[in-house]
Amino acid sequence: MILKAKERGDGAQLGRYLMAMRDNDHVELHEVRGFVSEDLIEAFHEADAIAKGTRAKNHLFSLSLNPPPEEQVSIDGFEAAIGRIEGELGLDGQPRAIVFHEKDGRRHAHAVWSRIDGEEMKAIN
């Protein structure tokens, strides 16, 4: 699996990008967890608003998971990988979204977490 990760801000822009069909044959919002809204863009607006109560500039952690071209990974396989990565990064229980993109019969995933600990109002490194 090829992983690309980045800390970033501007959740609304990220949400629009993840839900865009222009570069994909199929887009599926698989999960929105820990946000009030179940709409991805609105959920990321929530994350942006909460982050304003902190000094964090890049309050989101965005991860793309791309299997090699010859591999077909199941949804369960992606979920297991995302869960392991979440634990390793100390993001257990943080608000999270998962989006699947498919192009030319090949599926890849994007997972995005809020890095802001809502009780401490600090970013998780």
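Some observations on this one:
- Percent RCO, i.e. relative contact order, over the chain, from Cα pairs under 8 Å lying at least 6 residues apart: 35 percent
- Here the simple spin-label model places points 7 Å from the Cα toward Cβ, and for Glu70 and Ala12 these points are separated by 4.6 nm.
- Equivalent-ellipsoid semi-axes of the stretch 1-62, from the Cα gyration tensor, Å, largest first: 21, 15, 11
- With respect to the chain, whose longest principal axis is taken over its alpha-carbon atoms, helix 40-51 is tilted by about 30°.
- For the stretch 41-79 and the stretch 80-100, distance of Cα centres in Å: 8 Å
- Counting every C-alpha pair in the stretch 57-125, the share spaced more than 21 angstrom apart comes to 30%.
- Accessible area of the stretch 66-125 divided out per residue, in Å², using a probe of 1.4 angstrom: 52 Å²
- Computed on the stretch 30-97, with alpha-carbon pairs under 8 angstrom and 6+ residues apart, the relative contact order is 51 percent.
- Take every pair of alpha-carbon atoms less than 8 Å apart whose residues are at least six positions apart; their mean separation over the length of the stretch 69-125 yields a relative contact order of 28 percent.
- Net length gained if the chain between Glu38 and Arg84 were fully extended (0.36 nm per residue, minus Cα distance): 14.2 nm
- Sparse-neighbourhood loop sites, trypsin sites (Lys or Arg not before Pro) in the stretch 21-55 - DSSP loop, at most 15 other Cβ within 10 angstrom: Arg22, Lys52, Arg55
- Asp39 long-range amide H proximity, modeled H, under 5 Å: none
- Proximal lysines relative to Lys6, as straight alpha-carbon distance under 19 Å, when same-chain residues fewer than 8 apart are discounted: Lys57, Lys122
- Accessible surface ranking that places the most exposed of Leu60, Leu89 first, with a 1.4 angstrom probe: Leu89, Leu60
The values are calculated or read from the model by the stated rules, or taken from the named source; none is laboratory data. Values in this document were obtained by computation on a predicted structure and should not be read as measured data. Because the Cβ atoms are built from the backbone with ideal geometry, glycine has one as well, and the counts that use them run over all protein chains shown. The accessibility values were calculated without ligands, DNA or RNA, using every heavy atom of the protein model including side chains. Shrake-Rupley method; radii C 1.70, N 1.55, O 1.52, S 1.80 Å.
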